[in-house]
Amino acid sequence: RLVHLPFIAGNWKMYKTVHDAVLFVKELKNVVKDVIDVEIVVAPPFTAIHAVAEAARNTNIGVAAQDVYWEREGAFTGEISPGMIKEAGAEYVIVGHSERRRLFGETDAIVNRKVIAAIAGALTPIVCIGETLEERERNETLSVLDRQIKDGLDLVSAEQVVDLVIAYEPVWAIGTGRTATASQAQEAHAHIRTRLKQWFGGDAAERCHVIYGGSVKPDNIREIVMEPDVDGALVGGASLFTICSRRFTSSCASSCCSSYCCSRVRAIWRRHLAAAAASRRSARGPAPRCSRKRPPCSRCCSCSARWRSRSSDSAVRDRSSAARRPRRHRACPDRR
C-alpha cells in the first residue's frame, strides 16, 4: 500500500480565546519547527482562525475550521461559508463531527452537502464517521460505516476523494474514558479503505488519509498509529496542551506505519538543506582572510589553520608583546 506522512489534527472545540490561541500557536511552532515527517493541523474556534493562521504563516502548521455551511451566502444567522473560512486563512474544515451529529442533529445528507461545498470552496474536508455504543453492541459498526461513507460522499468524484481526510471516531469512545483497542481501530480502518477502493477506485483508497479520532491521548496513540491502515489521528481535548502536541507528533513520527516513507522524506530534506547551505556559502564568497599575526576570531575560519600552525612560534615570543591586547581585525566581522 502507498505510504504517506502521518496526519495529526487538533480539534480545540469551544476552547481558547483569540489571545490564548495565538500564544499557543507561537509556542507550538517552536516545538514542532523541525518536524518534517508529520502533517500538523490545528482547528481553533471561528473567532481565532484568522489570528491563528497569521501566527502560523510560513510554518509547518496548517489551520482548519471546525464546521462549515454549504451556502455561499444568504440569510443564515450564525453560519459561516467556505469562502469566509478560506479568506480567514484556513485550509481544512472538519465536517460531520460526532458532536455535530449528536448535539445538532446533522445527518449524512447534511454532511454530504457540506463536503461538496467545502471542496468547491478549495478547502480540504476532514470527514468524521463512526458508530455509537448501541450500534456497536448490535454489531452494526460496519454497516453504519458503509452508510456514512456512501451517503456522506455521494456525488464526490474519485479525484476529489484522493485529497480527503476521513476520521474514524467511535462515538462511544469520545469523552467516556473508553478507547478502542488497536485491533478494533485497524478493523474499522481496513473496512473503510476497502469500501473506498470498491466505490472510488484503488488510487483514491491508497492516497486518502484515514485517521483515528476516538479519545486519542499521548499514551495510546503510539499503539494505534502503528496499525497498517491508520494514517494519523484527530485529537480532541488533549491537543489543547503544548506538551501533549509535542508527544503526539513525536509518537507518530517514530511509530507510524509509514516510517519507511518518513525516513526517505528525512533523507531527501537533509540533502535539500545541505544543498541550500552550500548554495548560500558560494553566494557569500570566500571567508575573509586575516593578515595580522594574532589569534583568529570565532568566525574567521580562513586564518584559523594558519594561526594554529604558528602556535609553536608564538610560545617563544616576547611575553610583553604577547600580553598586549591585540587591535581589532578589520577583516573579521565579529571584531567590528
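The values are calculated or read from the model by the stated rules, or taken from the named source; none is laboratory data. Quantities reported herein were computed from a predicted structural model and do not represent experimental measurements. Positions of Cβ are generated from backbone atoms using ideal geometry, with glycine treated the same way; all protein chains shown enter the neighbour counts.
Report, ordered by the first and then the second residue, all pairs with beta carbons closer than 7 Å, sequence separation of six or more or different chains, a first member in the stretch 110-135 that is at positive phi, and a second member that is at pLDDT 95 or above and buried (at least 24 other Cβ atoms within 10 Å of the Cβ). Going by the 7 Å Cβ cut-off, the qualifying pairs are G130/Y168.
Quickly run through the stretch 223-241 and pick out the residues that are surrounded by fewer than 17 Cβ atoms within 10 Å (Cβ to Cβ) and either modelled with pLDDT of 90 or more or not hydrophobic (A, V, I, L, M, F, W, C) (or both). Those that are surrounded by fewer than 17 Cβ atoms within 10 Å (Cβ to Cβ) and either modelled with pLDDT of 90 or more or not hydrophobic (A, V, I, L, M, F, W, C) (or both): E223, P228.
M84 meets all of the listed conditions (1) under 23 Å from the mean Cα position of the chain (by Cα); (2) at positive phi; (3) modelled with pLDDT of 95 or more but one, namely (2). Which members of the stretch 80-91 meet the condition of being in a helix (DSSP H, G or I) and in contact with a His (Cβ under 7 Å, 6 or more places away or on another chain)? Once the filter is applied, which keeps residues that are in a helix (DSSP H, G or I) and in contact with a His (Cβ under 7 Å, 6 or more places away or on another chain), the stretch 80-91 yields only A88.
Take A204 and tell me if it is under 25 Å from the mean Cα position of the chain (by Cα), among the small types (G, A, S) and either in a helix (DSSP H, G or I) or modelled with pLDDT of 95 or more (or both). Judged against the criteria, A204 is a match. Candidates in the stretch 1-24 are the residues that are at pLDDT 90 or above and aliphatic (A, V, I, L, M); of these, the one that is surrounded by the most Cβ atoms within 10 Å (Cβ to Cβ) is I8. Being within 23 Å of V68 (Cβ to Cβ) and surrounded by fewer than 22 Cβ atoms within 10 Å (Cβ to Cβ) holds for only one residue in A182, A190, A117, and it is A117.
When R101 is tested against the conditions (1) surrounded by 14 or more Cβ atoms within 10 Å (Cβ to Cβ); (2) under 20 Å from W12 (Cβ atoms); (3) of a type outside the set (A, V, I, L, M); (4) out of contact with any helix residue (DSSP H, G or I) (no Cβ under 9 Å at 6 or more places or on another chain), the lone failure is (4).
So if I check each of F46, F76, which one is within 30 Å of T107 (Cα to Cα), of a type in the set (F, W, Y) and over 20 Å from the mean Cα position of the chain (by Cα)?
F76
The stretch 92-197 holds helices (runs of 4 or more DSSP H) entirely within its bounds, and those carrying 2 or more residues that are among the acidic types (D, E) and either modelled with pLDDT of 95 or more or under 18 Å from H209 (Cβ atoms) (or both) map to 141-152. Kindly indicate whether D219 is over 23 Å from R101 (Cα atoms), crowded, with 17+ Cβ neighbours inside 10 Å, more than 17 Å from the chain's Cα centre (by Cα) and among the charged types (D, E, K, R). It is false that D219 is over 23 Å from R101 (Cα atoms), crowded, with 17+ Cβ neighbours inside 10 Å, more than 17 Å from the chain's Cα centre (by Cα) and among the charged types (D, E, K, R).
The residues of the stretch 25-79 that are more than 17 Å from V95 (Cα to Cα), in a strand (DSSP E or B) and touching a helix residue (DSSP H, G or I) at 6+ places or on another chain (Cβ under 7 Å), listed by number, are I40, I61.
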